[in-house]
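Structure record follows, encoded as structure tokens.
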Amino acid sequence: MHLRRLLGLGCALACLGFAPAHALAQSRATASPLVVDFDAAMRGLGFAPNTTDSNLDANNGPNGIPDADELAVLAAILANPSLDLSASGGVTHRAVRDAFVQARASASMDLAQLVSRYPTAVDVTAGYAMLGAGSFAAYNDMSAAFGAPLKSDYSRALTLTRFLAHDGDADGDGVSNLVEYRAQQAGGRAAYVRAIGDMTASMSQRGGDPISAMTALLT
């Protein structure tokens, strides 16, 4: 089942042919939000955002957090240029944005030989690469099965494993993302993302209730 998904995932990556160095230079030059709708991207490849959980490791097992909810945390960080949780040992928008831009550019090159029929595959591939070394291994295993291993440079994404993996700690509060997910599970995705540090504070500063703003952004 996972291999069938990857057939779609790989096919689109030829459509974005930009160089990682150039892309990173653009990323550093701008402080604007980078908005990515991972739910729509997943649906474009036949993934079910509400149920898919298959990125623990190369065996494609579940890690306890729906993949789409992990990607929602990533999306919230990318969309918030002022996010800087480094004082508490957490992530920064800048580091995550640079890593995502590199991962997206690398993914587009790795699958350049596949037919470009699914434009959302680039974002999905880069997103999974951002979710820790285990998630990268899971995705690479599926991709390699179609003759397209992820062999380009994902080094920036992999350095963020301690923040964005299921057992990482995005906000540096000493509580893993998985534990925070379990504590907030009854409240749904928005409650979980809000629990990951203070990233919703800047959303409220842009106007409106933070949960409503995040729900609109991530769903």
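The values are calculated or read from the model by the stated rules, or taken from the named source; none is laboratory data. Here the structure is a predicted model, which means the values were calculated and not measured. Counting neighbours? That spans all protein chains shown, and the Cβs are built from the backbone with ideal geometry, glycine included. Surface areas here come from the heavy atoms of the whole protein model, side chains and all, with no ligands, DNA or RNA. Shrake-Rupley method; radii C 1.70, N 1.55, O 1.52, S 1.80 Å.
Of all residues in segment 70-85, exactly one satisfies the criterion of being among the charged types (D, E, K, R) and open to solvent by 20 Å² or more (accessible area, probe 1.4 Å), namely Asp84. Condition (residue is at pLDDT 95 or above, in contact with a Leu (Cβ under 7 Å, 6 or more places away or on another chain) and either farther than 17 Å from Arg97 by Cα or surrounded by 17 or more Cβ atoms within 10 Å (Cβ to Cβ) (or both)) applied to segment 136-158: is it met by at least one residue? Yes, some residue in segment 136-158 is at pLDDT 95 or above, in contact with a Leu (Cβ under 7 Å, 6 or more places away or on another chain) and either farther than 17 Å from Arg97 by Cα or surrounded by 17 or more Cβ atoms within 10 Å (Cβ to Cβ) (or both). Among the residues of segment 143-184, those that are without any contact (Cβ under 8 Å) to a residue 40 or more places away in the chain, small (Gly, Ala, Ser) and over 22 Å from Leu83 (Cα atoms) comprise Ala144, Gly147, Ala183. One residue stands out among those in segment 107-135 that are modelled with pLDDT under 90 and of a type in the set (D, E, K, R): the one that is least open to solvent (accessible area, probe 1.4 Å), which is Asp110.
Residues in segment 86-110 that are part of a loop (DSSP other than H, G, I, E, B) and over 18 Å from the mean Cα position of the chain (by Cα): 1 in all. Met214 satisfies every condition listed in (1) in a helix (DSSP H, G or I); (2) surrounded by fewer than 19 Cβ atoms within 10 Å (Cβ to Cβ); (3) at pLDDT below 50 except (2). If only residues of segment 23-64 that are at pLDDT below 95, of a type in the set (Ser, Thr, Tyr) and assigned to a loop (DSSP other than H, G, I, E, B) are counted, the one that is surrounded by the fewest Cβ atoms within 10 Å (Cβ to Cβ) is Ser32.
It is to be established whether one or more residues within segment 65-76 are within 17 Å of Gly134 (Cβ to Cβ) and assigned to a loop (DSSP other than H, G, I, E, B). Yes, because at least one residue in segment 65-76 is within 17 Å of Gly134 (Cβ to Cβ) and assigned to a loop (DSSP other than H, G, I, E, B). If you go through segment 119-133 and pick out every residue that is part of a helix (DSSP H, G or I) and more than 15 Å from Asp39 (Cα to Cα), you end up with 3. The number of residues in segment 168-200 that are surrounded by fewer than 16 Cβ atoms within 10 Å (Cβ to Cβ) and either assigned to a helix (DSSP H, G or I) or within 15 Å of the chain's Cα centre (by Cα) (or both) comes to 7.
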